[in-house]
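As structure tokens, the structure follows; a few thoughts come after it.
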Amino acid sequence: MPEEVNSKPAHHHGHSDFVVVSNRLPVDRDSTDNSDGGWRRSPGGLVTALAPVMASHEGAWVGWHGAPDEVLEPFHHDNMDLIPVPLSAEEVELYYEGFSNSTLWPLYHDVIAPPEFHRTWWDAYRTVNKRFAQAAASAAALNATVWVQDYQLQLVPRYLRQLRPDLRIGFFNHIPFPPQEIFAQLPWRQNIIEGLLDADLIGFQRASDAANFLRSARRFVGAGVKSAQIQVKDGDGKVVHIARAAAFPISIDVAQIQELAASKDVIARSRQIRQELGNPKTILLGVDRLDYTKGITHRLKAYGELLNDGVLTVADASMIQVASPSRENVETYKQLRDEVEGMVGRINGQFDTIQNTAVRYLHHSYPVEEMVALYLAADVMLVTALRDGMNLVAKEYVAARGDNTGALVLSEFTGAADQLKSAILVNPHDIDGLKSAILRAVNLSPVEAARRMRTMRRQILSHDVQRWSQEFLSTLETEAVPV
């Protein structure tokens with residue numbers, strides 16, 4: 001049985017014609033500056049893409065503000081109405097660290113780590129999704145468009161549809177959607193599919209993710225699927241709703257990256273980085289959240305073996321690995337940090353000299369200016385994720401390389417591999433293949449490097465994050481025509 005939300009459809013409407021719902025609000029507390037109510041806009045492509053839409057509509061953003069056990073009134077920041085949804089410390093543990101990041105995240109990333117299934121986590125996920133839906137229902141004007149973001153909120157479309165049948169609802173899944181055989185493990189597989197199917201448009205990063213979803217919709221709720229349209233039937237087999245599922249690959253704020261890549265300060269900083277590493281011939285760079293999906297250990301293993309084989313030396317090649325802290329309360333992440341730091345220590349202990357270091361490992365987050373300086377300093381970018389919805393770092397690197405130099409080694413298991421076909425594509429599980437891809441990138445002729453980079457840049461420059469949001473929203477606004 002579909003779940004009912006315990007309240008009548010809301011008759012009072014808010015005044016926002018465009019509402020975004022995501023786990024986090026697009027602002028962070030800024031302890032340094034109280035001029036803007038103590039908030040600053042978070043870095044990230046989503047807020048960049050949606051800020052103009054927010055400004056041109058009466059836009060509202062619904063999300064958690066990041067502090068547990070604190071209730072905040074709605075506030076206005078940067079042309080946006082922000083509607084904080086409160087979460088208790090226990091809900092953060094059960095809904096966020098638990099169901100979202102220890103059940104769904106590993107399940108949706110090909111069970112690289114084993115997912116855990118706990119009923120208490122699921123109960124918290126439902127409760128929190130209901131609360132997000134109610135906040136969105138109160139904010140939305142009559143016939144408004146609501147765009148729900150990501151895997152933490154997959155039940156929101158259903159709850160929202162029950163509260164506000166007048167709304168047009170979009171959902172975008174930023175992470176992969178697993179094959180039906182893997183999704184089948186989830187005890188609440190039917191509820192999740194039903195939750196998503198009450199959206200009018202469900203967007204995915206890759207065509208394969210959309211196809212996986214359509215298969216699961218057919219299999220677990222018996223929905224009728226015809227050319228990417230899903231017919232949702234009631235108990236009597238009557239079609240009550242048509243949802244559409246399609247790929248809308250997300251991208252980056254190209255203008256911002258290009259502007260920084262051309263700035264004197266950033267260029268000077270990139271030269272300084274090279275110098276501080278002792279001006280090696282080749283700098284290899286990895287930039288990831290410290291997450292087991294990112295293939296950081298595979299990359300370190302391949303690089304360590306290349307040093308061991310003597311085909312690379314620390315005098316000629318240096319690797320920078322930025323691993324930004326992530327989900328530090330989740331056990332698998334603590335284990336991964338120990339493993340990565342152990343590998344880095346062993347490689348450096350074996351190969352470092354007084355002048356040169358093999359791996360400069362940085363367990364920090366950096367502002368975008370420093371990231372772009374690193375992109376400019378790096379001759380080879382290593383993106384070796386085992387599974388990644390998109391991977392925006394690969395796209396940022398390409399956008400930063402205005403002179404068409406540099407090489408990108410890119411895992412075929414990233415969404416970005418569908419767009420960046422001129423990268424040196426690799427299966428990161430194949431360590432020998434990864435080693436030869438890294439060597440190829442290091443020794444790429446300037447002519448071939450420029451040809452590959454030019455092709456990739458053309459793709460990125462014409463498909464930025466603004467185009468992504470426009471394409472999704474304009475598709476959402478068009479009516480589904482029954483097939």
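Quick notes on this one:
- For the stretch 160-169, 3J(HN,Hα) per residue [Karplus equation, 6.51 cos²θ - 1.76 cosθ + 1.60, θ = phi - 60°, Hz, x = Gly/Pro]: 5, 5, 5, 6, 9, x, 6, 7, 9, 10
- Cα shape, the stretch 105-199, gyration tensor, a/c 1.5 rule: prolate
- Across the stretch 49-63, coupling constants 3J(HN,Hα) worked out from phi with the 6.51/-1.76/1.60 Karplus curve, θ = phi - 60°, read 5, 9, 3, x, 5, 4, 5, 7, 10, 7, x, 10, 10, 9, x Hz, and Gly and Pro carry x.
- Helix-derived mean residue ellipticity, 222 nm - over the chain, DSSP H n ≥ 4, -39500 (n - 2.57), to 500: -12000 deg cm²/dmol
- Residues whose placed amide H lies under 5 Å from that of Val27, excluding near-sequence neighbours: Ser42
- Restricting attention to the chain, close to 25% of DSSP beta bridges with both partner residues there are antiparallel.
- Annotation: amide H of Ala247 within the under-5 Å range of Phe204, sequence separation 5 or more or interchain, hydrogens built in the peptide plane.
- Interchain or long-range residues, amide H under 5 Å from Leu408's placed H: Met381, Ile424
- The solvent-accessible area of Glu259, taken with every protein chain present and a 1.4 Å probe, is close to 140 Å².
- Cα gyration tensor shape of the stretch 182-301, rounded if a/c is under 1.5, else prolate or oblate by comparing a/b with b/c: prolate
- Percent carbon-and-sulfur accessible area, the stretch 402-474, ignoring ligands, DNA and RNA, probe 1.4 Å: 51
- Span from the the stretch 303-353 Cα centroid across to the the stretch 157-204 one, whole angstrom: 38
- Legend: residue pairs Lys264/Lys395; Lys226/Lys294; Lys281/Lys395, Cα-Cα distance threshold 31 Å; pairs beyond threshold, Lys226/Lys294.
- Phi-based couplings in Hz for the stretch 105-120 (Karplus 6.51, -1.76, 1.60; Gly and Pro marked x): 4, x, 4, 6, 9, 6, 6, 4, 10, x, x, 10, 10, 10, 5, 5
- When a 1.4 Å probe is rolled over the protein heavy atoms, the share of accessible surface on the stretch 253-360 that falls to carbon and sulfur comes to 46 percent.
- Using a probe of 1.4 Å, the accessible surface attributed to Lys421 totals some 150 Å² when neighbouring protein chains are kept in position.
- On a per residue basis, the stretch 204-268 carries 47 Å² of accessible surface, using protein heavy atoms and a 1.4 Å probe.
- Within straight-line reach of Lys301, meaning a Cα separation under 17 Å, sit the following aspartates and glutamates at least 8 residues removed in sequence or on another chain: Asp288, Asp291, Asp309, Asp338, Glu339, Glu341, Asp352, Asp430, Asp432.
- Of the accessible area of the stretch 67-117, computed with a 1.4 Å probe over protein heavy atoms only, carbon and sulfur atoms account for 51 percent.
- For the stretch 368-483, the solvent-accessible area of protein heavy atoms averages 38 Å² per residue (probe radius 1.4 Å; ligands and nucleic acids excluded).
The values are calculated or read from the model by the stated rules, or taken from the named source; none is laboratory data. It should be emphasised that the depicted structure is a prediction, and the values quoted were computed from it without experimental measurement. Protein only, heavy atoms only, side chains kept; ligands, DNA and RNA dropped before computing areas. Shrake-Rupley method; radii C 1.70, N 1.55, O 1.52, S 1.80 Å.
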